[in-house]
Ligand SMILES: Cc1cc2nc3c(=O)[nH]c(=O)nc-3n(C[C@H](O)[C@H](O)[C@H](O)COP(=O)(O)OP(=O)(O)OC[C@H]3O[C@@H](n4cnc5c(N)ncnc54)[C@H](O)[C@@H]3O)c2cc1C
């Protein structure tokens, strides 16, 4: 007869399959970390999410910023070398957001100790009867932004004979222009968020967000199985917004991803320094069809950035990475406006980027509603002109999750509900140039 000890040794208590299951369960239990809790979880680390994480952490909220790819990747909208900052908008609700952002850009630069914002003037040009140009002048007036309206002769004098205008065009000059370095700026806000005690994680793709009925918190689930819990959540996922929000809530926010291309052109030998901020060269936009914009020569010496606004509808995961528009109108524009001082036969450098566009090209900044009520806030649809306002948008989004309201701006133009009343969103006074991009 076997002793009980020997019996235990030779006869397994459970079958091999049962044993494997038990081991796996034990392992899982060991691996399953308790869900970490935060005050604010921000999903998407482009400029909007990074500014929001900075603001929320500055206000002593335990903040987590999550990004699906590597930080500072080039697959969304906030990467690259230059973005225009300007206060000239045909809509009169943007200039004050830009002016507030100017102050916030400077404050952030002071905290970090380096520059991301290079100031110059802004020049808008177009036919003198263009409705958008006219609205832009009156919107500056309403916002007490001094503008100078100049004709082609004054233009030549002021800008060193570099820019030629047709006889029926005007130029509008304001002092609120400049270039922001996007990748450097996103990195700045992420660093400042960390300095404020924020937590940042990349390579975490969020696939589900739901309410935790027991605690009332918001549960955020990643593709790799990790879970996070936040009292509040901000969704700033750029071109991925429509799909993610529809999947988690059934709510449709009409934000269309577009792929677009940035072009750099070579300045003729001997003229390179003329097109720089040091020589007073402005950031610029040309109204009419097509809408063309550009920045002074800065990031690549001897080259100047001149793209066309707009692009081709795409899925963020299915892009061609190829130029989206015919270049002929742009080449003609460069030849005529820069009088042969910029080589217009072909761009020497191209970069791909994505816009996330709403039907009225106005932002979406709102509580998500539905089962999430005011616990989830969305910031998206920045329609190719949001970067300059990243700091104020981050402030507004964190106001909404922390205080339930913001005093920074009237949100009526940015509410999701506007698309219920009219699928095209806000009505604009100017029909020839809906967009006030860049
Ligand atoms: C070529 C070009 C030129 C522009 N020029 C100007 C300009 O001159 N001036 C100006 O003001 N604006 C300009 N803009 C617009 C501006 O860059 C954008 O409005 C702004 O960058 C949008 O930022 P975002 O944070 O909303 O989006 P994004 O930068 O795309 O950030 C969203 C982030 O969310 C992440 N994400 C998505 N889904 C998930 C998920 N499920 N889980 C985790 N993370 C997720 C993405 O990976 C991405 O990093 C330009 C845009 C382009 C493309």
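Every number here is computed from the coordinates shown, using simple stated rules; none is lab data. Only a predicted model underlies this, so the values are computations on that prediction, with no experimental measurement involved. Because the Cβ atoms are built from the backbone with ideal geometry, glycine has one as well, and the counts that use them run over all protein chains shown.
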Subject >> FRET efficiency, 1/(1 + (r/R0)^6) with R0 45 Å, evaluated for residue 69 and residue 417 via beta carbons >> reply: 0.90
Original post:
Within the range 251-278, whose backbone N sits under 19 Å from a point 7 Å along Cα→Cβ of residue 348?
Top reply: 262-278
Original post:
Taking the Cα atoms only, what angle lies between the long axis of helix 47-58 and the longest principal axis of the chain, rounded to 10 degrees?
Top reply: 60
Subject >> the chain: angle of helix 131-142 to the longest principal axis, Cα-based, in degrees nearest 10 >> reply: 80
Original post:
Going 7 Å from the Cα of residue 424 toward and past its Cβ, which residues in the range 129-147 have a backbone nitrogen under 20 Å from where you end up?
Top reply: 130-136
Subject >> Taking the C-alpha atoms of the range 322-438, convex hull volume expressed per residue in Å³ >> reply: 162
**OP:** May I ask you to sort 249, 77, 239 by Cβ crowding, counting other Cβ atoms within 10 Å and putting the fewest first?
**Re:** 249, 77, 239
Subject >> As computed over the range 46-108, the Cα convex hull volume per residue (Å³) >> reply: 119
Original post:
What shape does the range 72-122 have by the C-alpha gyration tensor, where a ≥ b ≥ c are the square roots of the eigenvalues, rounded means a/c under 1.5, and otherwise prolate means a/b greater than b/c and oblate the rest?
Top reply: oblate
Subject >> Most mobile of 190, 335, 111 in a GNM of the chain (Cα contacts under 10 Å) >> reply: 111
**OP:** Would you kindly give the portion of the calculated P(r) for the range 178-282 that falls above 25 Å, as a percent of all Cα pairs?
**Re:** 48
Subject >> Ranked list, fewest to most other Cβ atoms within 10 Å of each Cβ, for 399, 362 >> reply: 399, 362
Original post:
Between residue 318 and residue 407, 0.36 nm times their residue separation minus their Cα-Cα distance comes to what?
Top reply: 28.1 nm
**OP:** Taking the chain as the reference, fit the longest principal axis to its C-alpha atoms, fit the long axis of helix 390-403 to the helix C-alpha atoms, and give the angle between the two in degrees, 0 to 90, nearest 10.
**Re:** 40
Original post:
Between residue 167 and residue 289, 0.36 nm times their residue separation minus their Cα-Cα distance comes to what?
Top reply: 42.2 nm
Subject >> Of 112, 43, 304, the one that fluctuates the most in a GNM where the chain has Cα springs shorter than 10 Å >> reply: 112
Original post:
Roughly what % antiparallel, to the nearest 5, for the DSSP beta bridges in the range 36-421?
Top reply: 70
Subject >> Packing-based exposure ordering (other Cβ within 10 Å, fewest first) of 154, 88 >> reply: 154, 88
Original post:
Which of 145, 125, 365 moves the most in a Gaussian network model of the chain with Cα springs under 10 Å?
Top reply: 145
**OP:** Give the share of C-alpha pairs in each 20 angstrom bin for the chain, from 0 to the last occupied bin, in whole percents, shortest bins first.
**Re:** 25, 51, 17, 5, 2, 0
